[in-house]
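Contents: one structure, followed by commentary.
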Amino acid sequence: MTTLENPPAPPDFDSPGHQAKLAELYRDFDSVGMTPLWTTREGLMPPEPQPRAVPHLWRWAQLYPLAARSGALVPVGRGGERRAISLGNPGLPGDPYTTPTLWAAIQYLNPREDAPEHRHSQSAFRFVLEGEGVWTVVDGDPVAMRRGDLLLTPGWHFHGHQNVSDTPMAWLDGLDIPLVAETDQGFFEFGPDEVRTRRTPERSNSERLWGGPGLTPVAALGARPQSPLMAYRWVHTDAALTAQLELADDGVAGTLVEPGHAAVRFTNPTTGGDALTTMRTEMHRLATGTRTRRTRTTASSVWQVFSGGGTVTLDGEARTLEHGDVVAVPAWTEFSLQAGDALDLFTFSDAPVFEKLSLLRTEVSA
Ligand code: 1HN
């Protein structure tokens with residue numbers, strides 16, 4: 001009889017009989033879909049994030065000509081919906097994902113070409129590196145797209161694009177497609193085949209209603225999760241960044257992220273929070289020669305050089321940056337920037353998601 005004074009002899013773990021029974025147990029686990037934690041814990045719970053996505057840089061000088069070739073060869077229409085070509089992370093083979101949560105793409109519209117209306121739960125934005133002539137029609141409101149502008153299409157808003165000009169136009173699309181796909185949150189609906197208005201106003205209705213600094217329409221008070229302002233214009237972004245650097249030069253404290261580094265976040269005027277619920281969007285300006293601190297964060301991000309040039313260093317590896325280049329920064333990758341001449345960059349990340357879940361961690365070193 002087993003008693004406290006008389007415990008059973010421990011099994012002989014190394015005996016052939018024991019090993020055979022163990023192998024049988026693992027086979028039987030497997031046949032009903034059971035996985036023991038003791039063989040998987042290290043991969044499931046590493047001491048710190050170990051992204052499969054890798055740091056990666058795409059050259060605009062390669063992206064743009066390839067997008068233009070698809071403009072000559074591939075029509076835009078119902079079904080495919082968009083001539084958008086995503087930038088897939090080499091660490092995530094088989095998926096057109098830039099990071100595990102973010103989708104970045106180059107979209108290209110020929111002169112006089114339309115992309116039909118649809119809506120989806122995925123949120124989207126367009127950032128315009130160069131060019132103009134396209135209006136994106138968001139729930140019937142035509143929004144001009146021009147150099148340096150950020151245009152929003154929050155989730156479940158109908159949107160179509162039309163190029164009313166005689167020149168092609170290409171831009172950067174950002175969407176939360178991987179996040180929505182991998183968590184089974186996606187819905188999609190076609191809209192009218194023809195974009196519902198041909199109007200090309202200078203300012204969209206959303207800008208007329210929400211585009212006054214600090215002015216909220218009393219008829220529309222109250223927090224909304226997504227920004228009701230669909231366009232953030234370069235003239236305002238540029239002026240804000242210029243003012244931050246000038247004020248710092250004048251000795252005003254608290255205007256810069258760090259010496260020589262100005263930045264603005266595109267925010268929802270009804271909350272002061274991020275303009276979109278799933279993606280943070282910002283514009284950064286580094287004064288000539290500025291080197292940023294090295295940071296790493298559990299948010300993954302994508303950066304596009306808007307103007308100027310310099311260097312990005314990702315986990316110790318430096319790469320030069322030129323006009324239009326796109327950089328993927330996976331979670332927990334050590335990241336810093338150095339401006340050659342002045343450097344302006346647009347960036348988006350999944351930070352709002354992980355901030356809301358109290359998972360976001362950021363470390364800043366020297
Ligand atoms: C979409 O609606 C756009 O509206 C771009 O420009 C890319 C990729 C997948 C699904 C929908 C756009 C997209 C997309």
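The values are calculated or read from the model by the stated rules, or taken from the named source; none is laboratory data. Keep in mind the model is a prediction, meaning the values are calculated, not measured. Methodologically, a virtual Cβ is constructed for each residue, glycine included, from the backbone with ideal geometry; neighbour enumeration extends over all protein chains shown. In case anyone asks, the SASA skips ligands and DNA or RNA and just uses the protein heavy atoms, side chains included. Shrake-Rupley method; radii C 1.70, N 1.55, O 1.52, S 1.80 Å.
Quick notes on this structure:
- Evaluation of E207 against (1) charged (D, E, K, R); (2) in contact (Cβ under 8 Å) with a residue 12 or more places away in the chain; (3) surrounded by fewer than 17 Cβ atoms within 10 Å (Cβ to Cβ) (one fails), failing number: (3)
- Scanning segment 332-341 for residues that are closer than 12 Å to S307 by Cβ and buried (at least 18 other Cβ atoms within 10 Å of the Cβ) gives a single hit, A339.
- Among all positions in segment 245-259, there is no residue which is within 25 Å of V128 (Cα to Cα) and open to solvent by 100 Å² or more (accessible area, probe 1.4 Å).
- Applying the condition of being away from the ligand (no atom under 13 Å from the Cβ) and in contact (Cβ under 8 Å) with a residue 12 or more places away in the chain to segment 180-194 and asking which residue is farthest from T101 (Cα to Cα) yields E194.
- Contact map, segment 109-121: residues that are part of a strand (DSSP E or B) paired with residues that are open to solvent by less than 20 Å² (accessible area, probe 1.4 Å) and more than 13 Å from the ligand (Cβ to nearest atom), Cβ distance under 8 Å, separation 6+ or inter-chain. Pairs shown: L109/G71.
- Among the residues making up segment 165-179, those that are more than 11 Å from the ligand (Cβ to nearest atom) and open to solvent by 10 Å² or more (accessible area, probe 1.4 Å) are S165, D166, T167, P168, L179.
- One residue stands out in segment 141-164 among those that are more than 13 Å from the ligand (Cβ to nearest atom) and under 14 Å from A115 (Cα atoms): the one that is least open to solvent (accessible area, probe 1.4 Å), namely P142.
Each row is one residue, and each column tells you yes or no for (1) away from the ligand (no atom under 16 Å from the Cβ); (2) in a loop (DSSP other than H, G, I, E, B); (3) without any contact (Cβ under 8 Å) to a residue 60 or more places away in the chain.
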site	(1), (2), (3)
D12	yes, yes, yes
G33	yes, yes, yes
P49	yes, yes, no
L63	no, no, no
G77	no, yes, yes
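- Residue satisfying condition, being touching a Pro at 6+ places or on another chain (Cβ under 8 Å), open to solvent by less than 20 Å² (accessible area, probe 1.4 Å) and not hydroxyl-bearing (S, T, Y), within set V312, V329: V329
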